Protein chains: 2
Amino acid sequence: MNEITVLAPATVANVVCGFDCLGFCLENPNDLMTLRLIDEKTVRIKHHDDYDLPTTIGENVAGKALLALLERVDENLGFEVEITKEIMPGSGIGSSAASAAGAVVAANKLLGERFNPNEVIEMAMQGEMIASGSKHADNIAPCVLGGFTLVRSVEPMDVISIEYPPLFAAVIHPQIEIKTSYAREILPKEVPLKSAIRQWADVGSLIAGLQKGDYDLISRSLQDFIVEPVRKTLIPCFDEVKKVSLEAGALGGGISGAGPSVFMFGQTRKIAEKIAEKMTDVYAPTGIEFKIYVSAINCHGVRTQ
Amino acid sequence: MNEITVLAPATVANVVCGFDCLGFCLENPNDLMTLRLIDEKTVRIKHHDDYDLPTTIGENVAGKALLALLERVDENLGFEVEITKEIMPGSGIGSSAASAAGAVVAANKLLGERFNPNEVIEMAMQGEMIASGSKHADNIAPCVLGGFTLVRSVEPMDVISIEYPPLFAAVIHPQIEIKTSYAREILPKEVPLKSAIRQWADVGSLIAGLQKGDYDLISRSLQDFIVEPVRKTLIPCFDEVKKVSLEAGALGGGISGAGPSVFMFGQTRKIAEKIAEKMTDVYAPTGIEFKIYVSAINCHGVRTQ
């Protein structure tokens, strides 16, 4: 096999109370990526979209991730990459993670799966660092593994797949720009111990609820008293979106990544579609452009097309 | 049935990263409690031990808990209670919780199980408040339900039973006094957000590890960078006890409750016994009196003798 085409899915990080550790994988949108093996130790990148992303290897997320992979390969080989991004950069649903994870997973398939999932995640993380400026695997891990993932630690890499019951997400992406660096800057450096305890009790219960398939418990645990109150101020109509979603039957939800996307969980696709309608009703009058996705949890992660 | 005798077990709260929410139940030691129904709306308490605990109803943990129960009972009835405490007050392994939970569980059995577990926990918590000065169910919940419990919230009461694989605990109780109020006082009021995130990632992984029966994951998650560094200074030889326990094969462990007891998990009874030996080796030369317990996780909680 000298050529492979994969779909690299969008992902949600910072799942409510699980800030900076819990993420999950969406069924759509997806980036389309084709990789071809070449007999030169380099990476060539071509973008078939309008996002004007850099194609210089070292500045391109997929390129940088593939370079990290090539460093671990003795043979004289490289990759030609064609990318059609459907996940808009800056949307907060793991656009750069999809490029990095998609590239490394595809390359690893061309090389006969010689790297294990932890190694794949590590190499993809090297690529994503260009975009995020920090080492985190909160989007990379669910993009590679699918489902829900808990990143316990990145040094050493320790990623845990979390079992979950049927779940659907409605995601709204208001097309405003939020700089991740600013979203980080406004976070408190210190938090009251009491709030921290409340948050870790909720993280524990959310994991328990997901693994038990207990929707009520999942719903009760989807609270965040630390990050959401600060960051929601950057997202127009956040409270209104949340309110109408809960009224439409959402189990809960919050800011995806550092925003501006907002996601809400529904127990069925029908509920998620209803939530999406209500989200639309809130955003339509604002004049802000937005996209809406309804998706099951994607249990595969990156997959061959 | 007019009389019942129950064993009310010791419990461990503040399970490492799960400070203020995660606890589990020990097989021993146990308090022995006999309750008799009487036709007078009161509680009479007799202690058969040397701990000189108050027997005035309103000042006695079991008495206060039973009063909370009697407030919810219309009939003209009350209880005579005989208590033989084996769990030393102030040991940090849920002595007052055992008195409160034992009394309410036993009374509820005499009344034909008319209260559900959440109600039993709430009433027992009323009793334990005398001893702890605050409303918390971290020892009460595992004492009533057995196994591992996560207290997500006390108002409203929300307790989750956590599945777990075969696990054993070695517990050392150095007979020094640590005032719970002082142990609370020295805690930081604020913690770095980074440390809080690390802690909630560990809580999430610990719950995942317990439910998956993944001993390695349990072991990796048993870390506490917030409370243990502060409170361990109150416990002589804490670091040494931990070190020899890990060398003997412990998965991890930490301070039980607010101390002074220290617990360590072993995957088998044999390992837990070896850990207990090593703990003994550390404490024997110090001249500090101590007790050691080796115990499986008690899946029943309070039970009829």
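Per-structure values
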{"quantity": "Selection from segment B:13-46 of residues that are assigned to a loop (DSSP other than H, G, I, E, B) and small (Gly, Ala, Ser)", "calculated": "B:ALA13"}
{"quantity": "Selection from segment A:205-221 of residues that are surrounded by fewer than 24 Cβ atoms within 10 Å (Cβ to Cβ) and either closer than 16 Å to B:PRO156 by Cβ or at the interface with another protein chain (Cβ under 8 Å from one of its Cβ atoms) (or both)", "calculated": "A:GLN211, A:LYS212, A:ASP216, A:LEU217, A:SER219, A:ARG220"}
{"quantity": "Any chance B:LEU145 is in contact with a helix residue (DSSP H, G or I) (Cβ under 9 Å, 6 or more places away or on another chain) and within 12 Å of chain A (Cβ to nearest Cβ)", "calculated": "no"}
{"quantity": "Any chance B:LEU234 is out of contact with any Lys or Arg (no Cβ under 6 Å at 6 or more places or on another chain) and free of Cβ contacts under 8 Å to residues at least 40 places away in the same chain", "calculated": "no"}
{"quantity": "Selection within segment A:123-141 - crowded, with 24+ Cβ neighbours inside 10 Å, part of a helix (DSSP H, G or I) and more than 14 Å from every other protein chain (Cβ to nearest Cβ)", "calculated": "A:MET123, A:ALA124, A:MET125, A:GLY127, A:GLU128, A:ILE140"}
{"quantity": "Hits in segment B:152-178 (condition: of a type in the set (A, V, I, L, M, F, W, C) and within 14 Å of chain A (Cβ to nearest Cβ))", "calculated": "B:VAL154, B:MET157, B:VAL159, B:ILE160, B:ILE162"}
{"quantity": "Residues of segment B:47-73 satisfying the condition of being outside any helix (DSSP H, G or I) and modelled with pLDDT of 95 or more", "calculated": "B:GLU71, B:ARG72, B:VAL73"}
{"quantity": "Restricting segment B:179-204 to residues that are β-branched (Val, Ile, Thr) and more than 10 Å from chain A (Cβ to nearest Cβ), the residue that is nearest to A:LEU187 (Cα to Cα)", "calculated": "B:ILE186"}
{"quantity": "Flag if B:ALA250 is surrounded by 24 or more Cβ atoms within 10 Å (Cβ to Cβ), among the hydrophobic types (A, V, I, L, M, F, W, C) and within 21 Å of the chain's Cα centre (by Cα)", "calculated": "yes"}
{"quantity": "Selection status of B:ASP39, surrounded by fewer than 16 Cβ atoms within 10 Å (Cβ to Cβ) and either within 14 Å of another protein chain (Cβ to nearest Cβ) or not aliphatic (A, V, I, L, M) (or both)", "calculated": "yes"}
{"quantity": "Out of B:VAL154, B:VAL171, B:VAL191, B:VAL159, sole residue that is surrounded by 14 or more Cβ atoms within 10 Å (Cβ to Cβ), in contact with a His (Cβ under 8 Å, 6 or more places away or on another chain) and in contact (Cβ under 8 Å) with a residue 12 or more places away in the chain", "calculated": "B:VAL154"}
{"quantity": "Any hit, segment A:230-253, residues being among the aromatic types (Phe, Trp, Tyr), within 13 Å of another protein chain (Cβ to nearest Cβ) and closer than 20 Å to A:PRO188 by Cβ", "calculated": "no"}
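The values are calculated or read from the model by the stated rules, or taken from the named source; none is laboratory data. Everything numeric here is computed off the predicted structure, so don't read it as measured data. Don't worry about glycine lacking a Cβ; one is built from the backbone with ideal geometry, like all the others, and counts go over all protein chains shown.
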